[in-house]
Amino acid sequence: MAKWSQPKGSIRGHLVWLLTLILGGILLLGAIGLQQVLRNRLNQRYDQNVKHRAQAFITLTRIVDGIVELEFADEFMPGFSQPEGPEYFQIWFASGAMLERSNSLVDRELPRLPMTSSTQFQDVLLHPGGRCRLVQITYIPEDETRDLDGIISNDFQNPQLMVLAYAQNREDLDQFINQMNWIIGIVFATLLLVTLFLVRKVLDLGLQPLVALRDQVSKMGPETLDAALGSSSEPQEIQPVVQQLNQMLARLKQAIERERAFTANVAHELRTPLAELRSLADVGLLSENDPEETRIFYSEIRAISLEMEQLVSNLLALARCDAGTQNVSIQPLDLIPVLHKCLDRLASTAESEGMQVKQDWIEHAPITGDEGLIEQILQNVIGNALIHGTNQSPVHISVKPEGKGFRLTVTNAAPLLEPGDLTHLMDRFWQKDAARTGGQHSGLGMSLVKSYADLMALKLETRLVDGAFEVQILFPQSNNTREPVNNKA
């Protein structure tokens, strides 16, 4: 079955024409039905009148001494004397011989219908009499000698049977029916126009909540997104739409606020290294090209450039994740070698921060994932623990089998972190300390961790237990499994 689809354009316009078409069709069917009922009723009444007029001739027909006589006088019935009628009659014997006819027929003949019933009706056209209604009646005249009364007879073989054809001009009836049709047509057209007007008014009234909602939306701007749409009197059908719109506006407001904060944070993060570069440039202009000072100068420029490069790389990575263009290659790999590689890279960071790392993991942890993204996740999580932990408490890293996967847990002391901070840890540029350090410590690390984990459908959890901050990641196990072996260090 074909499905009806909403055409393009105005809903109001389509509803107006659709409802008008449906109601107009109902009115048209009603008008046609009324016209047919009235027409049939008028024709029935007219046929009864024609039949009554014809039966008058039956009473005028007598059989006297075996001879059929018609007691008819034109002076008493002037309608049968003129060529244009308006009345005509003709009487035949059953054999076909004619008994009598009206002078109004002149040289014309009324049609004789096949004798299938005692009474038959038919429309005939007589020139110049016009359209006439004809009734044909078969009957047996009254026999005065035998005192027979056979007005109507179905015995078509009876030799005494007579056939009467009576016709009456029906132009008055046709004219009345035409006038009736015009009146019904005019009433139908008027009702159709009234229906169109009422449908438009009713739809305007029914769609008023949508119009009000449209006006509310048209007045909204970036600064008024917190204004709730709708009202307490809105229809039930619109309430879900209004609720969804309000939720969408709330998300849009949050997105705009995040975008503004993001722009401000990027500017803030870049301002520090750029100021440092400008200061170095000023110092370089004043220096006397001492080789040692030049080496230090370029080293500092390189360090600042690396920080800015890291910041831009992190921003580009987040943008790719948001846009869904980050390449992800899910393959089987072993998590333990990746952990060793990340710890080797972060050895200098641990040494500079005076941090120790305690390992508690199995020898092999076969998982599935993108090795490059997993390296970035581990480097950010472990690096964050080394930088924000305290040297009085080591960083604990454990990998243990759990269900159909392996759970990585990184724990570091976080005495300044509060439970309410956990909801902001994944926010971009968020830092417990409001002071900006630029580069690798700009507050994008955990945002990248969450984005990469979402891309690989990894379960990421953060907890704060007795002043210790935990990051737990559940990696799915690959099919190439080995017996877990503990490896503590």
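The values are calculated or read from the model by the stated rules, or taken from the named source; none is laboratory data. Keep in mind the model is a prediction, meaning the values are calculated, not measured. Every residue, glycine as well, gets a Cβ built from its backbone with ideal geometry; the counts of neighbours run over all protein chains shown. Calculation scope for accessible area: heavy atoms of the full protein, side chains included, ligands and nucleic acids excluded. Shrake-Rupley method; radii C 1.70, N 1.55, O 1.52, S 1.80 Å.
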Total charge of the residues flanking residue 51 in space, meaning their Cβ is under 13 Å from its Cβ, with Lys and Arg +1 and Asp and Glu -1, is +2
In nanometres, the difference between 0.36 nm per residue of separation and the alpha-carbon distance of residue 70 and residue 120 is 15.8 nm
In this structure, among 341/459; 253/459; 358/450; 253/341; 358/459; 219/459, pairs with alpha-carbon gaps over 32 Å are 253/341; 219/459
Per the rule of 0.36 nm per residue minus the C-alpha distance, extending residue 127 to residue 11 adds in nm 35.9 nm
Checked segment 313-378 against the a/c 1.5 cut and the a/b vs b/c comparison, axes a ≥ b ≥ c from its Cα gyration tensor; verdict oblate
Listed by chain and number, the residues whose amide H is under 5 Å from that of residue 362, excluding neighbours fewer than 5 places away on the same chain and using placed H, are 399, 487
Simple SL model, points at 7 angstrom along Cα→Cβ for residue 60 and residue 198; separation in nm is 5.5
Here, residue 341 and residue 44, labelled 7 Å along Cα→Cβ, have an inter-label distance in nm of 9.8
With +1 on the Cβ of every Lys and Arg and -1 on the Cβ of every Asp and Glu, the dipole magnitude of segment 335-391 about its Cα centre, in debye rounded to the nearest 20, is 100
The distance between the Cα centres of segment 318-352 and segment 92-139, in whole Å, is 110
Nearest-0.05 FRET efficiency for residue 302 and residue 252 at R0 = 35 Å, using Cβ-Cβ distance, is 0.25
Around residue 164 (Cβ within 12 Å, Cβ-to-Cβ, excluding residue 164; K/R +1, D/E -1) the net charge comes to +3
With every protein chain kept in place and a 1.4 Å probe, segment 1-142 has an accessible area per residue in Å² of 59
So, with points 7 Å from each Cα along the Cβ direction, the residue 461-residue 53 label distance in nm works out to 10.4
